Amino acid sequence: PRSDSFPRRTARCSTTTQPHPDQLAAQPAGPRLTPRSPAGDVVLAYLRAQVNALTTMDPMVRRDEHDAVHQMRVAARRLRSALQAFEQVVGGPQARFLEAELKWLGGLLGAPRDAEVLAGRLQRHLHETPAELVMGAVARRLRLHFAPLAAAGRADLLAALDSARYFVLLDALAELLANPPLTAKAGKRAVDVLPALVARAYRRVARRTRQVPRAPSGHARDVALHDVRKAAKRARYAAEAVSPAMGGKAGRFARRMKDLQSVLGDHQDAVVARGVDRELGLSSYLAGENAFTYGLLHERDAEEALWLQDQARRAWQRSSRPKYRRWMT
């Protein structure tokens, strides 16, 4: 079945004993948070945990340890999403500066990570293709295509981590925590402020989801679905941020948004892979090689993208049930 309405990771092993960043992110500092806690305390606890996760990952990224780039990227994304979602609690020029710089850092962290993920995906699909349908040195061409991308992305990232710009960002994060630019709403009870801000993030997801069927099939539809994914990620992180104070209902909503985000992430992986399949097939053809196998890989990714559109529609139907949002009101 198809519908018009609507990633897997690999890396080297490590012997590190550092806690997982998701554990760090789930450890709010200070006294126990409740619905009566000041909204500013709740948001700052989350921001503090993400800064802790980001700085913990820094030396691990430099040592090229297992999953470190991905986890540092997640911490940067969570920080940026929280600053966007809770601008009515922690706002002003300082927060806007950090949003822009975290976007820059996330882009640098994304380049080697995306190359790694995409290479792993195509290699896995090639391995699953019957041997009699693999024509030519496809595995070799995949390695030659992705190895320079991964190396260049890592070199750019390491250069950025040694740059003055990055250390200015770290200083700005430390200043944010030491002297937070709190608004008047920061002193109000969490229950009176934060659920409405998570609801606002949810409405963004709903608006973008309604726009998907209006987008023509093809590139415009893929872009619309990617926009839904980004909005779902922000809503998920916002709910995760308030869950220490608001309890399990916020956590359940966050998990539903994560489900939607994950399906749409797989869809985006298939869309990007489809483009690489075509690029590699064309390069192979122009080099006088047999491009048949790249056509098979392209068709597989195209079919998977269509299937995932239907899965995303189902995930939205589940995650948008009113019972997951009653705590917001």
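The values are calculated or read from the model by the stated rules, or taken from the named source; none is laboratory data. Owing to the predicted nature of the structure, the values given are computational and were not obtained by experimental measurement. Here the Cβ positions follow ideal geometry from the backbone for every residue, glycine too, while neighbour counts run over all protein chains shown. Surface areas here come from the heavy atoms of the whole protein model, side chains and all, with no ligands, DNA or RNA. Shrake-Rupley method; radii C 1.70, N 1.55, O 1.52, S 1.80 Å.
For segment 173-329, report the accessible area per residue in Å² (1.4 Å probe, heavy atoms, rounded to an integer).
Per-residue accessible area for segment 173-329 comes out at 47 Å².
May I ask you to give the percent of accessible area on segment 27-75 that is carbon plus sulfur, with a probe radius of 1.4 Å?
Values: 1010 of 1950 Å².
C and S atoms contribute 52 percent here.
Which of the trypsin sites (Lys or Arg not before Pro) found in segment 61-112 are in a DSSP loop and have at most 15 neighbouring Cβ atoms, other than their own, within 10 Å?
ARG63
With θ set to phi - 60°, apply the Karplus curve 6.51 cos²θ - 1.76 cosθ + 1.60 along segment 89-97 and write out the HN-Hα couplings as whole Hz, x wherever there is a Gly or Pro.
Per residue, the Karplus-derived 3J(HN,Hα) values read 10, 10, x, x, x, 4, 5, 5, 4 Hz.
Find the centroid of the Cα atoms in segment 130-190 and in segment 299-329, then give the distance between the two in whole Å.
27
Just to check I understand the Karplus step: with θ = phi - 60° and J = 6.51 cos²θ - 1.76 cosθ + 1.60, what whole-Hz values come out for segment 151-163, glycine and proline as x?
Result, ordered by residue: 5, 5, x, 5, 4, 5, 5, 5, 5, 5, 5, 9, 8 Hz.
May I ask which of LYS103/LYS258; LYS188/LYS233; LYS188/LYS230; LYS103/LYS185; LYS185/LYS258 have a Cα-Cα span longer than 23 Å here?
With Cα atoms farther than 23 Å apart: LYS188/LYS233; LYS188/LYS230; LYS103/LYS185; LYS185/LYS258.
Quick check on the chain: what does the Kirkwood estimate of hydrodynamic radius come out to from the alpha carbon pairs, in Å? Write down the numbers at each step before the final one.
Details: mean 1/r = 0.0469 Å⁻¹.
So the Kirkwood estimate lands at 21.3 Å.
Under 1.5 on a/c is rounded, so check that first for segment 32-106, then, if it is not, pick prolate when a/b is larger than b/c and oblate when it is not; a ≥ b ≥ c are the square roots of the alpha carbon gyration tensor eigenvalues.
Taking the square roots of the gyration eigenvalues as a ≥ b ≥ c, segment 32-106 is oblate.
Segment 166-295: Rg/Rh from Cα coordinates, Kirkwood Rh?
With Rg and the Kirkwood Rh in hand, the quotient comes to 1.17.
Around LEU144, under 14 Å between beta carbons, what's the net of Lys plus Arg minus Asp minus Glu among the other residues? Present the calculation step by step, with values, prior to reporting the outcome.
Numbers: positive: ARG140, ARG141, ARG143; negative: GLU279, GLU289.
Neighbour charge sum, excluding LEU144 itself: +1.
According to the Cα gyration tensor, what semi-axes, each the square root of 5 times an eigenvalue, does the equivalent ellipsoid of segment 144-200 have, listed from largest to smallest in whole Å? Mind dumping the intermediate values first?
Numbers: eigenvalues 308, 73, 6 Å².
After scaling each eigenvalue by five and taking roots: 39, 19, 6 Å.
Per Stokes-Einstein, at 25 °C and 0.890 mPa s, what whole-number D in µm² s⁻¹ belongs to segment 252-314, with the Kirkwood radius over Cα pairs as the hydrodynamic radius?
D, rounded to a whole number, is 192 µm²/s.
Which percent of the accessible heavy-atom area of segment 161-304 goes to carbon and sulfur, probe 1.4 angstrom?
Details: 3450 of 6620 Å².
Ligands and nucleic acids excluded, carbon and sulfur give 52 percent.
Taking the Cα centre of the chain as origin and charging only Cβ (+1 Lys, Arg; -1 Asp, Glu), how large is the dipole, in debye to the nearest 20?
It comes to approximately 1800 debye.
Along the positive direction of the dipole of the chain (beta-carbon charges: Lys, Arg +1; Asp, Glu -1; about the Cα centre), which of LEU98, ALA184, ALA231 reaches farthest?
ALA184
Label ALA302 and ARG314 with points 7 Å out from Cα along Cα→Cβ: what is the distance between them in nm?
2.4
For segment 28-156, what size does the Cα cloud have along each of its three principal axes, sorted from largest down, in whole Å?
Between the extreme Cα coordinates on each principal axis of segment 28-156 lie 65, 29, 26 Å.
Report ³J(HN,Hα) in whole Hz for each residue of segment 169-175, in order, from the Karplus equation J = 6.51 cos²θ - 1.76 cosθ + 1.60 where θ = phi - 60°; Gly and Pro get x.
Couplings: 4, 4, 4, 5, 5, 5, 5 Hz.
Highest first, please rank the peptides 265-275, 163-173 by the mean number of other Cβ atoms sitting within 10 Å of their residues. Please report the intermediate quantities before stating the final value.
On the way: 265-275: 20.0, 163-173: 13.8.
With the highest mean Cβ count within 10 Å placed first, the list reads 265-275, 163-173.
List the trypsin sites (Lys or Arg not before Pro) in segment 211-268 that DSSP assigns to loop (not H, G, I, E or B) and whose Cβ has at most 11 other Cβ atoms within 10 Å. Which are they?
Passing sites in segment 211-268 are ARG214.
What does the charge count around ARG62 come to, taking other residues whose C-beta lies under 12 Å from its C-beta (Lys +1, Arg +1, Asp -1, Glu -1)? Provide the component values of the computation, followed by the final result.
Details: positive: ARG63, ARG154; negative: ASP58, ASP64, GLU65, ASP162.
Around ARG62, the charge tally is -2.
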